[in-house]
Amino acid sequence: MTASRYRAVLLLLFLAIAKATSHAADGIVIIGHSTVKRLDVQTVLRIYTGRVMEVDGVSITAVNAHIGSSLRKRFLQVFLHQDEDNYTAYWTVRRRIGQGVSPRELPNTGDIIRFVNSTPGAIGYIDESEIQPGLNILLR
């Protein structure tokens, strides 16, 4: 392998790793009630797809931004690798076979923050620009 080809392969590998780990670059922050500890990306994915309902002995209640919001679209793409149609279809099937219901939707960031702060075990996501003092940041 030539030196230039080797550098190109390393650059592509670096870019792939950077993309896979750059959730904060998309400006989404996962917040939680004070009873919830830090989470990793895989746990967030499992919570929002109904495959994890408890973390460290705490029952988790996830909330979504409203359908059609740019925040929700970014969250679905970055954390769940899905679009709205696939996510809705996924939860439609789960509901029909008795495997739960999708997370509750709240109309705006203020409602998400209030719900998360007042509900033990609650988690949600907000735009990084909406961070307020005192929020329990679970994942950036």
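Here, each number is a calculation from the coordinates, and none is a lab measurement. Quick caveat: nothing in here was measured; it's all calculated off a predicted structure. Because the Cβ atoms are built from the backbone with ideal geometry, glycine has one as well, and the counts that use them run over all protein chains shown.
Identify the residue in region 43-95 that is among the acidic types (Asp, Glu) and closer than 23 Å to Asp26 by Cα and, among all such residues, is surrounded by the most Cβ atoms within 10 Å (Cβ to Cβ).
Glu84
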Lone unmet requirement of (1) under 22 Å from Val52 (Cα atoms); (2) touching a strand residue (DSSP E or B) at 6+ places or on another chain (Cβ under 7 Å); (3) of a type in the set (A, V, I, L, M) for Val93
(2)
Name the residue that is nearest to Leu138 (Cα to Cα), counting only residues in region 71-100 that are in contact with a helix residue (DSSP H, G or I) (Cβ under 7 Å, 6 or more places away or on another chain) and in contact (Cβ under 8 Å) with a residue 40 or more places away in the chain.
Phe79
Return the residues of region 22-42 that are buried (at least 16 other Cβ atoms within 10 Å of the Cβ) and touching a Leu at 6+ places or on another chain (Cβ under 8 Å); say none if nothing qualifies.
His23, Ile28, Val29, Ile30, Ile31, Gly32, Val36, Leu39
